[in-house]
Amino acid sequence: MNRQQRAAAALCADIARRLADPEPLDSANALTLSDGLPGIALLHLELGADGDADARHTAHRWLSEAVTRARTAPQDTPGLYRGVPALSFALTRAALITGRPLKAADRLADQVRTFARALAAWERRRRPQDGVCVTIGTYDVISGLAGLGAHLLDDPGRPDALTEVLTALTGLTEPLHLDGRALPGWWTAQLRTGLARATVETGHANVGLAHGIPGPLALLALAREAGVTVAGQDEAIRGMAEWLLSVRQFAADGPWWPRTMVLDSDGAVVAKDTTPGRPSWCYGTAGIARALYLAGRALDVAEWRDTAVTALRAALAEARRAHETRAAGRLEDAGLCHGWSGLLQTTWRMADDTGDATLRAALPWLADRILELAAPEAPFGLVPPTSDGNITSDPAGFLTGATGVALALRTFATDAAPVTGWDRGLLLG
């Protein structure tokens, strides 16, 4: 290890020590992958993957506490990041490193399959030809089919649930017919619940990896590479990837993507953003580029792969300039979702896959941005994340907090893909 890798490994270990005890965790979010017990267990599972008995013991404590609380917890609307699927995802990672099936994991996997099949069936009943929009919570990574499908990719049981998920997501390419025009089938009128027709005021097509069409695109591509295919899957990958190419914007550094596409007052589809935003995993060019690259790798389309690499290089250049000049759109916290760790993990995956010298050269600089946010006086060893609009980020958890930061730092420190495959939960690999 070089100096930076040693520093990254040390901060990762320090964060893990601060997250050794599950007892103080807020029970309200206990069964979430984003903030709760399952997500934090992922850090200790990854640290225990090389045989560290203490880390495995700590992971067991977190998972045991999660299983205990699951018995009496209210049933939330299931998605990868909440409830049974979140706990099931973590238990599946535990089974990967122990090399043996876990009874609780098998039991919960059955429930996840049931949730996924029901949601896929509900989506297939939607009538886009009549102008009925999909909801983001039906198809996205956090709450919907893309996230559930990511988990099911590692399900050693029946493949039928995954194929139903893929079939439903493939169906998103059927155009939405609205007021005499055809819009992309993933055009939505609202964020979470209900079915409605889009209007100029409410309709949009989400472009981010967390909540937009890159999530289904990444899943369809990864499933194809895993040998799981359904009718029309390749055509759906092509349609989604080509749409991403069609809505990309261009700046001095290279291509970038807006957060959303909307209808203007004349009914034309336009980008809501006019300048590049932060290059985050959730909504930024970094996450979108990764999804496009996975599609290009799955179907062997060099143009998509090359565009993805060029776009990520541009996003890194913009991130450096925004950081140095304290410009708008800069990354401000360390987390995975919309901070430096998400960009670090995405860039590491892309550099590892492509061997691109520019991407690899950016890794130490990205790690330094995270190390600058170390705060020994803070409860979890990092400057707490800032609020994102009306959403308060969690300082300890996987998605926005210290757990995810430690996991990305470990990837950088070891220069190796996660043994547990924890970033499957981000659809990065």
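The values are calculated or read from the model by the stated rules, or taken from the named source; none is laboratory data. All values reported here derive from a predicted model rather than from experimental measurement. Counting neighbours? That spans all protein chains shown, and the Cβs are built from the backbone with ideal geometry, glycine included. To get the accessible areas, we keep the full protein, side chains included, count just its heavy atoms, and leave off ligands, DNA and RNA. Shrake-Rupley method; radii C 1.70, N 1.55, O 1.52, S 1.80 Å.
Quick check on the stretch 1-104: what are the equivalent-ellipsoid semi-axes from the Cα gyration tensor, as sqrt(5λ), descending, whole Å? Please report the intermediate quantities before stating the final value.
Numbers: eigenvalues 124, 48, 28 Å².
Semi-axes (√(5λ), whole Å): 25, 15, 12.
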Per the Kirkwood formula over distinct C-alpha pairs, the hydrodynamic radius of the stretch 356-415 in angstrom is 12.6 Å
Can you pull the three principal axis extents for the Cα set of the stretch 218-259, in Å, largest first? 39, 16, 15
Convex hull projection area averaged over all views, the stretch 310-356, Cα basis, nm²: 3.3 nm²
Quick one: 3J(HN,Hα) in Hz for the stretch 167-180, Karplus 6.51/-1.76/1.60 with θ = phi - 60°, rounded, Gly and Pro as x. 4, 5, 5, 4, x, 5, 7, 5, x, 8, 9, 9, 6, x
So what does Glu46 come to for accessible area, using a 1.4 Å probe and Å² rounded to 10? 10 Å²
Cα-based shape type of the stretch 299-379, given that a ≥ b ≥ c are square roots of the gyration tensor eigenvalues and the cut on a/c is 1.5: prolate
Non-local residues with an amide H under 5 Å from the amide H of Gly79, with H modelled 1.01 Å from N and Pro and chain starts lacking one, are Ala86
Could you go through the stretch 78-88 in sequence order and give the Karplus-derived ³J(HN,Hα) for each residue, using 6.51 cos²θ - 1.76 cosθ + 1.60 with θ = phi - 60°, rounded to whole Hz, and x for Gly and Pro? x, x, 3, 9, 8, x, 4, x, 4, 5, 4
Long-range amide H partners of Leu178, meaning residues 5 or more apart or on another chain whose placed amide H is closer than 5 Å, are Leu183
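Given the -39500 (n - 2.57) contribution per DSSP H run of 4+ residues, what per-residue ellipticity at 222 nm results for the chain, rounded to the nearest 500 deg cm²/dmol? It would help to have the intermediate numbers written out before the result.
Working: 15 runs with 215 residues, N = 429.
Per the formula, -16000 deg cm²/dmol.
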Once a ≥ b ≥ c are taken as the square roots of the eigenvalues of the Cα gyration tensor of the stretch 326-429, is the result rounded (a/c under 1.5), prolate (a/b larger than b/c) or oblate (a/b not larger than b/c)? prolate
Which value, in Å³ per residue, describes the convex hull spanned by the Cα atoms of the stretch 39-158? 101 Å³
Using a 7 Å offset from the Cα along the Cα-to-Cβ direction at both Thr229 and Arg18, what is the distance between the two label points in nm, to one decimal? 4.8 nm
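What number do you get for the stretch 226-282 when its Cα radius of gyration is normalised by 2.2 N^0.38 Å, N = residues?
Values: Rg = 14.7 Å, N = 57, 2.2 N^0.38 = 10.2 Å.
Cα-based Rg divided by the globular estimate yields 1.44.
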Measuring from label point to label point, each 7 Å out along Cα→Cβ, what is the Asp52 to Ser64 span in nm? 2.0 nm
Inter-probe distance in nm under a simple model that places probes 7 Å from Cα toward Cβ, at Thr325 and Arg125: 5.3 nm
Over the chain, what per residue volume does the convex hull of the Cα atoms give, in whole Å³? 133 Å³
Using θ = phi - 60° and the Karplus relation 6.51 cos²θ - 1.76 cosθ + 1.60, list the HN-Hα couplings for the stretch 372-381 in order, rounded to whole Hz, with x at every Gly or Pro. 5, 8, 4, 9, x, 7, 7, x, 10, x
Of Ser341, Ser387, which has the most accessible area and how do the rest follow, probe 1.4 Å? Ser387, Ser341
From zero up to wherever the largest Cα-Cα distance of the stretch 96-171 sits, split into 5 Å bins and tell me the percent of pairs in each. 3, 16, 27, 21, 14, 9, 5, 3, 1, 1
What whole number of Å gives the distance from the Cα centroid of the stretch 311-340 to the Cα centroid of the stretch 1-58? 26 Å
Any residue on another chain or 5+ positions along whose placed amide H is under 5 Å from the amide H of Gly335 is listed here as Trp340, Ser341
Kirkwood hydrodynamic radius, computed over distinct alpha-carbon pairs, for the stretch 230-368: how many Å, to one decimal? 15.4 Å
Rounded to two decimal places and with Rh computed the Kirkwood way over Cα pairs, what is Rg over Rh for the stretch 89-237? 1.01
Suppose all protein chains stay in the model; what accessible area per residue would a 1.4 Å probe give for the chain, in Å²? 39 Å²
At R0 = 51 Å the Cβ-Cβ FRET efficiency linking Asp306 and Thr72, nearest 0.05, sits at 0.45
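For Leu245 and Ala118, calculate 0.36 nm times their separation in residues minus their Cα-Cα distance, and state this gained length in nm to one decimal. Mind dumping the intermediate values first?
Working: separation 127, 0.36 × 127 = 45.72 nm, distance 3.22 nm.
Gain on extension, Leu245 to Ala118, equals 42.5 nm.
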Of the heavy-atom accessible surface of the chain (probe 1.4 angstrom), what whole percent is carbon and sulfur? 51 percent
